[in-house]
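Here's the structure, in structure tokens; my notes come after.
The values are calculated or read from the model by the stated rules, or taken from the named source; none is laboratory data. From a predicted model like this one, the values you see are computed outputs, not experimental measurements. Because the Cβ atoms are built from the backbone with ideal geometry, glycine has one as well, and the counts that use them run over all protein chains shown. Remember, those area values only see protein heavy atoms, side chains included, never the ligands or the DNA or RNA. Shrake-Rupley method; radii C 1.70, N 1.55, O 1.52, S 1.80 Å.
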Amino acid sequence: MDALTEDALAIVDDAKREAMLQRATEIAVNDTGVVPLHFQVNLWATREGITYAPRTDENTLAWKFRPAGWK
């Protein structure tokens, strides 16, 4: 995996570099165990009559809070 990654950095051809990096990623994923240590849980609380549309980037923006039923 290390050698493929280093070789890919020296290749100018985008398609060949992409193929080498995909192969290196495949090797890394298949050779490495993954132990999840953290599960992110996001909570937002609002009062009755207010809704909030959460964002995937986890930023909480005041203008995303709306009266219930508002479009």
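Of the residues making up segment 8-43, those that are part of a loop (DSSP other than H, G, I, E, B) and under 21 Å from the mean Cα position of the chain (by Cα) are 32, 33, 34, 35, 36, 37, 38, 39, 40, 41, 42, 43. Write out, first by first residue and then by second, each pair whose Cβ atoms fall under 6 Å of each other, whose residues are 6+ apart or on separate chains, and whose first residue, in segment 48-66, is at positive phi while the second is open to solvent by 70 Å² or more (accessible area, probe 1.4 Å) and modelled with pLDDT of 85 or more. The qualifying pairs do not exist here.
I want to confirm something. Restricting to segment 39-71 and keeping residues that are of a type in the set (A, V, I, L, M) and open to solvent by 100 Å² or more (accessible area, probe 1.4 Å), which single residue is nearest to residue 1 (Cα to Cα)? Even if it seems obvious, please write down each step before you answer.
Quick first cut of segment 39-71, residues of a type in the set (A, V, I, L, M) only: 41, 43, 45, 50, 53, 61-62, 68.
Okay, now just the ones that are also open to solvent by 100 Å² or more (accessible area, probe 1.4 Å), so 41, 43.
Details: 41: 33, 43: 39 Å.
By that ranking, first place goes to 41.
Looking at segment 29-38, is at least one residue out of contact with any Pro (no Cβ under 7 Å at 6 or more places or on another chain), surrounded by 13 or more Cβ atoms within 10 Å (Cβ to Cβ) and over 28 Å from residue 58 (Cβ atoms)? Give the derivation first.
Filtering segment 29-38 for residues out of contact with any Pro (no Cβ under 7 Å at 6 or more places or on another chain) gives 29-38.
With surrounded by 13 or more Cβ atoms within 10 Å (Cβ to Cβ) added as a condition, the list becomes none.
Looking for residues that are out of contact with any Pro (no Cβ under 7 Å at 6 or more places or on another chain), surrounded by 13 or more Cβ atoms within 10 Å (Cβ to Cβ) and over 28 Å from residue 58 (Cβ atoms), one finds none in segment 29-38, hence no.
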